[in-house]
Amino acid sequence: MPQENFDDSPVLDDLDSYTGIDDIHDEEFEDDEELEEAFSESTPPEKIARWILESGESLKYGSDILAVTMDLPPINRVNPENFLAALQAVFKEFSINQLPEDVRENILKREFDNFEFIASAREKHLQPRQVEVNTFPEISTLTIRGVEPSDGNDGSIEVFFDFHVHPGKYLPDGSIDFTEINRFPQVGEDYCVFRIYQPTPGSEGTDAYGLRISPKAGVPFPIKPGEGFRVENGYDEERKEHYQDFFCKKAGIVVCEFEGPPDPMNIRAISIRNEIVVKDIDFTTGSLKGQAGELRCKANVMVEGDIRGHFSVVIDGALNVKGAVEGATVDATGPVVASFVRNFLRSGSNMEIGSARNATLIANETATIKRELAECQIKAPRVIFDPHGSPEIMVGRTSVESDAVTGGPLNVRNIFEMEIGKRLFETRTLLERQYAELEEETTRTAANLRDRGAVMGQKLKLASSILSDEQKKFIPVLKQFATMILLGKIPLGKIKERVKNFEKNYGADFRGIVKHLKLMVDIQEKLTQTLEKKEQLINQKEQVEAAINGLVVDISGRLASAGQVIIRCEGRENRLSLKTAKTETFHLIMKYDPRNGPYFVNKEQE
């Protein structure tokens, strides 16, 4: 049967002028037979089209019509060409192009089937839609369906720290270890604290008429990151979402603000605090966290009261204690300021102490004392006595190990001992021993290299007598390689590369000689490394010697009746007491002469 294009049929352009179809839809058919009687072979396309359109039922997405389902007349009761023309008229109402050819052919044959296909739009600005033509008598429907839009995902957060507040850890004996409290979570430098997933825009949909349906875009996660972070962008392949990772610029305390119960999704502000202020540090402190018997904090800590208790405090940062430091061990990586110290205190840089009793004070740089030392030990490259709040610093039963002790005035009530330069002298002795060992190793390695060079010369002589004329032309090349290795004047990297290339091209003919060359390269490499170590030791020794030449003691003050000042340096000793001094006041100076060693001067006795 010939195919016709009904897209531009004039009779179908005037569907609204046809009125007989209203009678059909106003009737209520009691059974399918009455419905079939309403249509016949002679029912015109415009009547069929109008009836189909009037039967439509819409499925909405918000205010948009996502799909329309319409009834179809029985395909076996109407002329198939009229049926196709009616379908095409309906498609025109939805701006859809004509039916696919295979569907046309099956309908013309009056075959019952459920035809599904994607129909393109008649206009460029419209989208294709899903069309379903069901010609089974029991169903007989036409559905034109768009695509539901996919709303965007809201932004979300993922945290990588423990944000919970723990009430304490129960120990086997039934007691509670309060050091496990985690009111302020702590993170280290370059630690990824949290990740923010960006909202997605979603994907557009299409209504039944081919118009776009805008999705609801996701909203950003409502958080205000504070200071202390650096940000790195990334993309999650599995989630198909962009994200930002927030890393700590510096170790510190994570401070969160929640809107509701403490939960990651309720975090509204987050920052890294590099300073924390507490009243006291003791077993009731809930601001620090560590192992049993230990408190740790990755931030600068200001203690307005005291550090108490028989436990260790480890601060990754600066420590300022306005009261007393009485913990078993207090260790800070940064500078330390404390009014009073008992037990053990260490600073990774400088410390400034008011008074200390029965204490061990260790600083990697300078220890400054302001008021009093009693029953103490101090170890620091530099110790400064700088009175504050009193005219002189009280000193009794105290030993100092330092490279420079200066300041005053002091009031020495009993023994005050100073060991000057001990660390530097021990370091110099160690460097000298290591240098001597490297000297011996250099001698052995150089002799080994020369021996291997001699063996190589013999191998080349033997090779020149047994190799073919073609092979003999490589003898000068091999000699040059051996000479370069022995002299060590060409970078080993270049020599290795040349030997490697020679082995690759000609190694089969010179296997034994190449193997020996590679062994010589290894020995020369070891010799080079040994010489580099010697050079490093020489530089270190020069630095130590310079520091030794700067050893100094320059202190002043007065001696009590039992007061003694003892200075020791490189096996020499100077003692000062009222038994040997002309006056109770003193001004002691010790310096170091590179040729003669330490010498002592008491200006008050000159």
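No value in this document is a laboratory result; all are computed from the given coordinates. Because the structure is a prediction, the values reported are computed rather than measured. Cβ sites come from the backbone with ideal geometry, for glycine too, and all protein chains shown count toward neighbours.
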Quiz item: Is the shape of the stretch 193-284 best called rounded, prolate or oblate, per the rule: a/c under 1.5 gives rounded, else a/b larger than b/c gives prolate, else oblate, with a ≥ b ≥ c the square roots of the Cα gyration tensor eigenvalues?
Solution: prolate
Quiz prompt | Sequence-separation-based contact order of the chain, relative, with Cα cut under 8 Å and 6+ spacing, percent | solution = 7
Exercise. Quickly rank 503-514, 459-470 as a protection proxy: mean count of other C-beta atoms within 10 Å, highest first.
Key: 503-514, 459-470
Exercise. Could you work out how far the C-alpha centroid of the stretch 347-395 sits from that of the stretch 316-331, in angstrom?
Key: 14
Quiz item: Just going by the charge dipole of the chain, with Lys and Arg at +1 and Asp and Glu at -1 on Cβ, which of ILE223, ILE270, ASN602 is farthest out on the positive end?
Solution: ASN602
Self-check item: Spacing of the two label points (7 Å from each Cα toward its C-beta) at GLU189 and SER349, in nm
Solution: 1.1
Quiz item: To the nearest 0.05, how large is the calculated FRET efficiency for GLN529 and VAL477 if R₀ is 22 Å and r is the Cβ-Cβ distance?
Solution: 0.25
Exercise. Count the DSSP beta bridges whose two residues both fall in the chain, then state the antiparallel fraction as a percent rounded to the nearest 5.
Key: 45
Self-check item: Among 121-131, 335-345, the order from most to least packed when residues are scored by Cβ within 10 Å on average
Solution: 335-345, 121-131
Quiz item: Once the principal axes of the Cα atoms of the chain are found, what is the range along each, listed largest first in whole angstroms?
Solution: 142, 92, 47
Self-check item: Between the stretch 511-590 and the stretch 57-133, the alpha-carbon center distance in angstrom
Solution: 97
Practice problem: Would you work out if the stretch 454-599 is rounded, prolate or oblate? Take a ≥ b ≥ c from the square roots of the eigenvalues of the alpha-carbon gyration tensor; rounded if a/c is under 1.5, else prolate when a/b is larger than b/c, oblate otherwise. | Solution: prolate
Practice problem: Within the stretch 519-558, find all residues whose amide N lies under 20 Å from a label point positioned 7 Å from the Cα of THR585 along Cα-to-beta-carbon. | Solution: 554-558
Practice problem: Any chance you could give the angle, 0 to 90 degrees and rounded to 10, that helix 45-54 forms with the longest Cα principal axis of the chain? | Solution: 50
Self-check item: Principal-axis tilt of helix 475-487 within the chain, Cα atoms, nearest 10 degrees
Solution: 60
Quiz item: How would you rank 104-113, 299-308, highest first, on the average number of other Cβ atoms within 10 Å across their residues?
Solution: 299-308, 104-113
Practice problem: Would you work out which of ILE253, GLY146, LEU72 lies farthest towards the positive end of the dipole of the chain, given +1 charges on the beta-carbon of Lys and Arg and -1 on that of Asp and Glu, about the Cα centre? | Solution: ILE253
Practice problem: Set Lys and Arg Cβ to +1 and Asp and Glu Cβ to -1, take the dipole of the chain about its Cα centre, and tell me which of TYR592, ALA367, VAL544 lies farthest positive. | Solution: TYR592
Quiz item: Dipole of the chain, Cα-centred, from +1 at each Lys and Arg C-beta and -1 at each Asp and Glu C-beta, to the nearest 20 debye?
Solution: 9040
Quiz prompt | Contact order relative to length of the stretch 426-549, as percent, for alpha carbon pairs under 8 angstrom and 6 or more apart | solution = 42
Practice problem: Round to the nearest 10 and give me the degree value, 0 to 90, for the angle of helix 422-466's Cα axis relative to the longest principal axis of the chain. | Solution: 70
